[in-house]
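As structure tokens, the structure follows; a few thoughts come after it.
What follows draws every value from the coordinates through simple rules; no lab data is involved. All of these numbers come straight from a predicted model, not from anything done at the bench. Note that we place each Cβ from the backbone using ideal geometry, even for glycine, and neighbour counts take in every protein chain shown.
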Amino acid sequence: MKVVPLAAESLGTRSMATWIGCSNNKVNFLIDPGVSLAKKRFGLKPHVLEVERNLDHWTRICTHLEKSKYVIVSHYHYDHYNPRNPGVLRGKILFVKSPKLINKSQRMRSRYFLEQVKDRVAEINHADWRSFELEENIELRFSGALPHGREGSKQGFVVSTTIVKGKDIFTHTSDVLGIQAEVQLQYLLDQDPTILYVDGPMVRSSRNIAKKELQKCISSLETIIGKTQVKKIIIDHHLLRSLNWRDHLTDLLRTASSADVVVSTAAEFLGERNDLLEANRHLLYQEQKVNSRPTVTSYHQQDK
């Protein structure tokens with residue numbers, strides 16, 4: 001199984017778009033084909049480098065959509081799907097979060113999106129709590145409606161995805177914001193993944209951190225390390241909107257290291273350097289005042 005993060009905060013945009021190739025890449029999946037930018041950060045609109053990166057990542061997503069038979073939309077936030085370009089899904093077999101058990105704004109978005117794609121895709125399947133036996137002995141499994149964050153979150157619900165091929169088990173949590181709810185944790189324990197891609201938690205600055213929530217996230221990931229066969233954990237998305245994200249993972253990294261589990265960002269998983277454009281937006285603008293165009297090293301150096 002080949003896992004390829006296509007766009008993520010560590011790569012410079014808001015996304016968890018991921019391509020998975022199975023059976024020598026003959027059976028392909030694309031999870032959450034969307035990418036976006038924060039409209040405002042530090043009181044600033046996206047920098048030109050962010051806009052360019054956003055376009056690059058959307059092109060990358062479209063390229064991988066062309067070679068993907070199965071497409072998954074975990075929920076209806078714009079960094080996880082693109083309602084403005086339904087044509088890129090033509091002929092795909094689509095698995096989506098059910099419009100039921102979701103908040104009002106996402107329910108309205110889902111209805112519009114499904115109306116746009118219904119005559120373009122080959123098939124639409126509501127994913128919640130369903131499993132599918134596919135070709136090449138590949139199994140596709142979905143969670144039920146998991147809270148977008150802690151229990152009672154007003155952000156609605158998402159579905160997490162698990163793809164099983166032989167001994168390889170890949171689980172993509174989508175926006176659970178770091179495994180804060182017991183139902184999220186139990187789903188992941190039940191899946192027993194070998195590779196886990198998890199987002200969050202949201203830790204933009206030390207003042208904004210809800211310590212109880214952060215501790216719960218770390219505890220949940222340590223439980224997963226201790227009780228599953230996981231060997232690689234990709235952690236990205238909300239967490240990588242903070243420059244000091246690594247400071248909050250000290251205990252987790254220690255636990256993972258003792259268990260021979262590799263914890264990395266999406267960029268690091270690809271063998272690339274973390275490129276936190278959003279978290280460095282204010283620095284990009286500051287340097288723009290000095291130079292006509294920011295240097296690459298200026299924002300790379302902020303993530304150590």
Compute the length gained on full extension between R90 and K26: take 0.36 nm times their separation in residues and subtract their Cα-Cα distance, giving the result in nm to one decimal.
21.2 nm
Using only alpha carbons, build the gyration tensor for the chain and give me the equivalent ellipsoid semi-axes, biggest first, whole Å.
28, 24, 19
Sorted by Cβ density within 10 Å, fewest first, the residues D128, D236
D128, D236
With a 10 Å Cβ neighbour count serving as the proxy for reagent exposure, in which order, fewest first, do C217, C22 appear?
C22, C217
Taking 0.36 nm per residue of separation and subtracting the Cα-Cα distance, what length does fully extending E135 through R120 add?
3.1 nm
Pairs over 27 Å Cα to Cα, from K69/K100; K26/K100; K45/K232; K40/K100, come to K26/K100; K45/K232; K40/K100
Taking 0.36 nm per residue of sequence separation and subtracting the Cα-Cα distance, how much length would be gained by fully extending the chain between K154 and L101, in nm to one decimal?
17.9 nm
Kindly give Rg over Rh for the stretch 1-114, based on alpha-carbon atoms, with the Kirkwood expression for the hydrodynamic radius.
0.99
Quick calc, V290 & K2: beta-carbon distance into FRET formula, R0 30 Å, rounding 0.05, result 0.10
